[in-house]
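Below: the structure, in structure tokens.
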């Protein structure tokens, strides 16, 4: 069923609050097999809201609204929907009783405008709000339905889970199942080229590629009569994709690379330490975002200067003088010194130029070296990034560090 999501509120329109409701509802509706066709945002204006409802209904069967159900004069969603769908507001006694109970618990007296929240369209299916005061509702006319929910995300998600989703599940005609694969080391254009015949021939399941800050994602989705049918169709396509680009896939469950690496380290009880120069501790920050990583993460040393590299890691002065810090030789001595200092099974180092200044024709900005030791295996990798900007280069360097650790754990070539 074709569906539009309509966010109501001038504060949303002006960007004063982040609209997380639309993201959440899009994901949830897709899982139910509802085709989300449009996202709309309109301010607290009855005339424009009515026009937007009529516009959406030209191509959609359902509209989901959030916001505008409060007690104040600028909360106009309910009144506008009621008028647009040719109904009238009546007092809904269960909602009124719920409002009295809320006021009693809070030790307050109901004000006149609170009664407005208990007024509901006469034909509406009313949804209780046990996380706030504004009830929601569904109102239908001529095969079209508007479902109205409160704007605060906590109230909206609770109402969705407890009332609206069960209401919509009764109307389901299909189920969507999807998986998101995460890849590193291959660009979006190259990825599409590898899978072009599968993408061109797609109908169901569908394959969509996405690029995200140095990584790629693949979303494989199927819409079938049952969850089992959809899942089987998706798994079949994933098998074909894995045969072609499996070496770049690090997650089949839409996990961040740090999460994947962290879980492997924890599950295998493998200790890890790091020494960082150009990333300034970002690798440690990424890895320590993983719950439980304290079991295996020993330390990370930010050895930014020549002196720090020599004093903390035992890098030779002559090595720095001859090759500079941005070299494979220094990355190697850094990680070997770290291994000797910490005894961690995996040690990783990084040094390089992230810009914007400091580069030369021989050693341009974006040149980094990563050293990694796993038990007795030592690898040093040179990476030349696209010199986009400092923060991007630092972020991309951390991804490469995580990727190298991930491959070392899998005994793969880096």
Self-check item: strands (runs of 3 or more DSSP E) fully within the range 86-127 counting 3 or more residues that are assigned by TED's automatic domain parsing to the domain that holds residue 72, closer than 17 Å to residue 68 by Cβ and in contact with a strand residue (DSSP E or B) (Cβ under 8 Å, 6 or more places away or on another chain)
Solution: 119-121
Quiz item: In this structure, is residue 373 touching a strand residue (DSSP E or B) at 6+ places or on another chain (Cβ under 8 Å), assigned to a helix (DSSP H, G or I) and either at pLDDT 95 or above or surrounded by fewer than 20 Cβ atoms within 10 Å (Cβ to Cβ) (or both)?
Solution: no
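So that you can scan it fast, the table gives a plain yes or no per residue for (1) more than 17 Å from residue 372 (Cα to Cα); (2) touching a helix residue (DSSP H, G or I) at 6+ places or on another chain (Cβ under 6 Å); (3) in the same structural domain as residue 382 (by TED's automatic domain parsing):
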| site | (1), (2), (3) |
| --- | --- |
| 278 | no, no, yes |
| 306 | yes, yes, yes |
| 321 | yes, no, yes |
| 324 | yes, no, yes |
| 332 | no, no, yes |
| 335 | no, no, yes |
| 352 | no, no, yes |
| 361 | yes, no, yes |
Quiz item: Taking the range 74-85 on its own, how many of its residues are modelled with pLDDT under 95 and assigned to a helix (DSSP H, G or I)?
Solution: 0
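Mind listing whichever residues of the range 161-194 are closer than 17 Å to residue 233 by Cα and touching a helix residue (DSSP H, G or I) at 6+ places or on another chain (Cβ under 8 Å)?
First, the residues of the range 161-194 that are closer than 17 Å to residue 233 by Cα: 174-181.
Hits for the range 161-194 are 175, 176, 177, 178, 179, 181.
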Quiz prompt | Residues of the range 344-364 satisfying the condition of being in a loop (DSSP other than H, G, I, E, B) and in contact (Cβ under 8 Å) with a residue 12 or more places away in the chain | solution = 344, 345, 353, 354, 355, 356, 359, 363, 364
Practice problem: State all residues of the range 202-220 that are out of contact with any helix residue (DSSP H, G or I) (no Cβ under 6 Å at 6 or more places or on another chain) and over 30 Å from residue 398 (Cβ atoms); if no residue qualifies, say none. | Solution: 202, 203, 204, 206
Quiz item: Can you spot a residue in the range 304-326 that is in a loop (DSSP other than H, G, I, E, B), crowded, with 17+ Cβ neighbours inside 10 Å and touching a residue at least 40 places away in the same chain (Cβ under 8 Å)?
Solution: yes
Exercise. For the range 84-114, enumerate the residues that are under 26 Å from residue 42 (Cβ atoms), out of contact with any helix residue (DSSP H, G or I) (no Cβ under 7 Å at 6 or more places or on another chain) and free of Cβ contacts under 8 Å to residues at least 60 places away in the same chain.
Key: 86, 87, 90, 113
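Listed here are the residues, each with its yes/no results for (1) closer than 19 Å to residue 407 by Cβ; (2) touching a strand residue (DSSP E or B) at 6+ places or on another chain (Cβ under 9 Å).
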{"site": "215", "(1), (2)": "yes, yes"}
{"site": "226", "(1), (2)": "no, yes"}
{"site": "234", "(1), (2)": "no, yes"}
{"site": "242", "(1), (2)": "yes, yes"}
{"site": "258", "(1), (2)": "yes, no"}
Practice problem: Take the range 260-272 and flag every residue that is out of contact with any strand residue (DSSP E or B) (no Cβ under 7 Å at 6 or more places or on another chain) and in contact (Cβ under 8 Å) with a residue 24 or more places away in the chain. | Solution: 261, 262, 263, 264, 266, 268, 269
Quiz item: Only one of (1) assigned to a strand (DSSP E or B); (2) free of Cβ contacts under 8 Å to residues at least 40 places away in the same chain is not met by residue 386, so which one is it?
Solution: (1)
Exercise. Inspect the range 15-26 for any residue being under 21 Å from residue 161 (Cβ atoms), under 24 Å from the mean Cα position of the chain (by Cα) and buried (at least 22 other Cβ atoms within 10 Å of the Cβ) and give the result as yes or no.
Key: yes
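The values are calculated or read from the model by the stated rules, or taken from the named source; none is laboratory data. Because the structure is predicted, anything quoted here is derived from the model rather than measured. All Cβ positions, even for glycine, are placed from backbone atoms using ideal geometry, and neighbour counts span all protein chains on display.
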